[in-house]
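The values are calculated or read from the model by the stated rules, or taken from the named source; none is laboratory data. In this text the structure is predicted, and so the values were computed from the model without any measurement. Because the Cβ atoms are built from the backbone with ideal geometry, glycine has one as well, and the counts that use them run over all protein chains shown.
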């Protein structure tokens, strides 16, 4: 396992054959279950070996169901008490109640009558525009404006009001889940994208959010905090947040249109910390070969990166910027200490395997 050169924020545990990570900061709370899966201890085979929670890549649904049972037993959670997000790279965040138990795991999802925050489109482009959200196709075509959360720019302390909590339901995906109900385990899946854990120990509320590059541009982490504030009274200064295992900056090369989407969504100072150009076209062929030989011995295998006219994107840093901007104390934010791409034999990674992979999952529950 290749840990990053920062203070360790996760602890690895092996329970039977199941390997998993927990966040030290979240383990400080006795009544919180938190976990992030590895590839160890499941029954899936081939590219899914062995602990896989995704059926969208072609794995046998019966084996995925068995993986949920095995992993749930390891962390003390029944599959019928889990709620699995319907992830489509949105900024939609849903309020989860007992009526949703088992959805996505032991029974079909039906989020059509759920409430929560249903995305930038609900704000109708009103309010002061902060930037454009790039299209899900990744072409960079603008599909909407990342306007102020309330549509007016009004803030409640550091927290804006979600745009539409009276939505008719979530038919176009849900990437974030919040609850204050004990006994409901929130579940989100990953294969390089960013897991975001939220714990409010004052109001006993939690959130778990999937943030890929599109969700990070749309600031789904901010939306999650806003919804927890609106629903449960959560104050960012009281919250403890963890940014889970995901692809690191050295491994995550993106095109110019993606970089420009981040430039539009964040301040100049934030963008400079999040994204940097990779310009190596002007060095010699032998120098490039030398860099590849050196990178083959580093924690992050940069020989997989094309290096030409691209940008390196730091998704964990972008989410950190959101949290701090909202008023979460920096000392209450746990950063990831390992990269999914660097550890693709141990964690599922889309980038490192060219899409031949399964899915990791994050789990969060109030006991």
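Given the options 290, 355, name the one that is part of a helix (DSSP H, G or I) and either out of contact with any strand residue (DSSP E or B) (no Cβ under 8 Å at 6 or more places or on another chain) or at pLDDT below 95 (or both). Walk me through it before giving the result.
Numbers: 355 fails: part of a helix (DSSP H, G or I).
Criteria check complete, one pass: 290.
Criterion first (over 18 Å from the mean Cα position of the chain (by Cα), farther than 26 Å from residue 278 by Cβ and crowded, with 24+ Cβ neighbours inside 10 Å) does residue 182 satisfy it? Quick ask: steps written out before the conclusion?
Working: over 18 Å from the mean Cα position of the chain (by Cα): yes; farther than 26 Å from residue 278 by Cβ: yes; crowded, with 24+ Cβ neighbours inside 10 Å: no.
Here the answer is no, as residue 182 does not meet what is asked.
Of everything in region 193-218, what is surrounded by fewer than 24 Cβ atoms within 10 Å (Cβ to Cβ) and in a strand (DSSP E or B)? Give them in sequence order.
200, 205
Within region 94-106, how many residues turn out to be out of contact with any helix residue (DSSP H, G or I) (no Cβ under 8 Å at 6 or more places or on another chain) and more than 20 Å from residue 196 (Cα to Cα)?
4
Identify the residue in region 238-261 that is in contact with a helix residue (DSSP H, G or I) (Cβ under 8 Å, 6 or more places away or on another chain) and assigned to a helix (DSSP H, G or I) and, among all such residues, is surrounded by the fewest Cβ atoms within 10 Å (Cβ to Cβ). Steps first, answer last, please.
Keep residues of region 238-261 that are in contact with a helix residue (DSSP H, G or I) (Cβ under 8 Å, 6 or more places away or on another chain), which gives 239-243, 246-252, 254, 258, 261.
Now drop any that are not assigned to a helix (DSSP H, G or I), which leaves 249-251, 258, 261.
Values: 249: 18, 250: 20, 251: 24, 258: 21, 261: 26.
Residue satisfying both the conditions and the ranking: 249.
Checking residue 91 against (1) surrounded by fewer than 20 Cβ atoms within 10 Å (Cβ to Cβ); (2) within 20 Å of residue 193 (Cα to Cα): exactly one of these is not met. Which one?
(1)
Just to verify a result, which residue in region 22-59, among those that are buried (at least 20 other Cβ atoms within 10 Å of the Cβ) and in a helix (DSSP H, G or I), is farthest from the chain's Cα centre (by Cα)?
That would be 48.
Would you mention how many residues in region 296-348 are in a helix (DSSP H, G or I) and at pLDDT below 95? Give the steps one after another, and end with the answer.
Step one: list which residues in region 296-348 are in a helix (DSSP H, G or I), which gives 302-304, 315-326, 330-332.
Pick out the ones that are also at pLDDT below 95 and you get 302-304.
Matching residues across region 296-348 total 3.
Run down 226, 235 and say which single residue is at pLDDT 95 or above, in contact with a strand residue (DSSP E or B) (Cβ under 9 Å, 6 or more places away or on another chain), surrounded by 24 or more Cβ atoms within 10 Å (Cβ to Cβ) and closer than 21 Å to residue 324 by Cα.
226
Given 222, 209, which one is within 20 Å of residue 83 (Cα to Cα), touching a residue at least 40 places away in the same chain (Cβ under 8 Å) and under 18 Å from the mean Cα position of the chain (by Cα)?
Numbers: 222 fails: within 20 Å of residue 83 (Cα to Cα).
Only one candidate passes the filter, namely 209.
Please find, within region 60-72, the residue that is surrounded by the fewest Cβ atoms within 10 Å (Cβ to Cβ) out of those that are out of contact with any strand residue (DSSP E or B) (no Cβ under 8 Å at 6 or more places or on another chain) and assigned to a helix (DSSP H, G or I). Talk me through it step by step, then tell me what you get.
Within region 60-72, the subset out of contact with any strand residue (DSSP E or B) (no Cβ under 8 Å at 6 or more places or on another chain) is 60-67, 69.
Checking which are assigned to a helix (DSSP H, G or I) leaves us with 61-67, 69.
Numbers: 61: 8, 62: 10, 63: 17, 64: 22, 65: 16, 66: 15, 67: 26, 69: 15.
Among those residues, the one meeting the criterion is 61.
I'd like to know if region 26-39 contains one or more residues that are touching a helix residue (DSSP H, G or I) at 6+ places or on another chain (Cβ under 6 Å), at positive phi and modelled with pLDDT of 95 or more.
no
Look at region 330-340 and say how many of its residues are surrounded by fewer than 24 Cβ atoms within 10 Å (Cβ to Cβ) and touching a strand residue (DSSP E or B) at 6+ places or on another chain (Cβ under 9 Å).
Going residue by residue through region 330-340, those that are surrounded by fewer than 24 Cβ atoms within 10 Å (Cβ to Cβ) are 330-335, 337.
This time we only want the ones that are touching a strand residue (DSSP E or B) at 6+ places or on another chain (Cβ under 9 Å), so: 332-335, 337.
Going through region 330-340 one residue at a time, the tally reaches 5.
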